[in-house]
1. Taking θ = phi - 60°, what integer Hz values does the Karplus form 6.51 cos²θ - 1.76 cosθ + 1.60 yield along the range 182-191, in sequence order, with x for Gly and Pro?
2. Which number gives the lysine pairs in the range 104-157 that have C-alpha atoms under 21 Å apart and are eight or more places apart or on different chains?
3. Below 19 Å, Cα to Cα, which aspartates and glutamates can residue 74 reach? Residues fewer than 8 away in the same chain don't count.
4. In straight Cα distance, which aspartates and glutamates are under 12 Å from residue 181, not counting same-chain residues fewer than 8 positions off?
5. Between residue 193 and residue 29, what is the spin-label point distance in nm, taking each point 7 Å from the Cα along the Cα→C-beta axis?
6. Okay, which of the range 50-64 sit inside 14 Å, backbone N to the point 7 Å along the Cα-Cβ direction of residue 20?
7. Using the Cα gyration tensor of the chain, with a ≥ b ≥ c the square roots of its eigenvalues, what is the shape: rounded (a/c below 1.5), prolate (a/b larger than b/c) or oblate (neither)?
8. Compute the distance in nm between two label points, each set 7 Å from the Cα along the Cα-to-Cβ direction, one at residue 45 and one at residue 81.
Amino acid sequence: MEHQLETEPGVLEGSTMFEFSFDNAEKPFESYNGMNVRLRYFLKLTIMRKFAANITREHELWVINYPSQQLSPKNPSIKMEVGIEDCLHIEFEYFRSKFHLNDVILGKIYFLLVAINIKYMEIALIKKESTGSGHNVYNESDTLAKFEIMDGAPVRGEVVPIRIFLDGFDLTPTYNSIHSKYSVKYYLNLVLVDEEDRRYFKQTDIQLFRLPPENSKREGFAQLEDPDKQPPSKRRKKKKSSKSKSKK
């Protein structure tokens, strides 16, 4: 948008104030400063001079958008089973798949079969930025944080809890095809390393969103309790009983 200030041609001497207003200026996307792309909003002032170069100044604005509609209450958990035949079988669960920027990621990892010597296990929060479109898409990843959540070899039936606080990181919401130019997604990468330094990993995408400040206070973390009220021991017993029946 462009707006011409109401002033007569002449000489400016000293400080002068001009009023201006941009009504109904559209700002559909948030400001973003990424690895390979930037989205900027700024005010640009140009003083036109007849016999000399024009004077130009810019003042950047940082735009943050909050959801205009009520968020869907549906927030399914993420459950997956991974492993190596006759060597390793684990089940990991994240209690939800959508998180606000000051949220806490909660989950558990269940070891159902362990026949290899695992040295340690770590989990990483990864940001992936995609720029371009069609066949000309360039992807770049950045590991925002990495945590060692287990040290030493686990045994069958062991449960490892996961708890990651997001408010300590510089995060943005998940962006999907902004102006058909770029996307930003976030992933949780679970890695197991054995004593021969072989790495076994599984990556899962999560969705981040922004809440208004009054809705993202720590008082709301009471809602982050484990939604699965059934103790893990009972869940494991059910799986064992089903296996024993299948063997018969």
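1. Coupling constants for the range 182-191: 7, 9, 10, 10, 10, 9, 9, 10, 9, 10 Hz.
2. On the way: 108/119; 108/146; 119/146; 127/146; 128/146.
So the count works out to 5.
3. 93, 103, 205, 225, 226, 228
4. Residue 181 reaches 129.
5. 3.8 nm
6. 55-61
7. Numbers: a/c = 3.52, a/b = 2.59, b/c = 1.36.
It is prolate, given that a/c is not under 1.5 and a/b is the larger ratio.
8. Label-label distance for residue 45 and residue 81, simple model: 6.7 nm.
The values are calculated or read from the model by the stated rules, or taken from the named source; none is laboratory data. Because the structure is a prediction, the values reported are computed rather than measured. Neighbour counts run over all protein chains shown; Cβ positions are idealised from the backbone, glycine included. Keep in mind that these areas ignore ligands, DNA and RNA; they rest on the heavy atoms of the full protein, side chains included. Shrake-Rupley method; radii C 1.70, N 1.55, O 1.52, S 1.80 Å.
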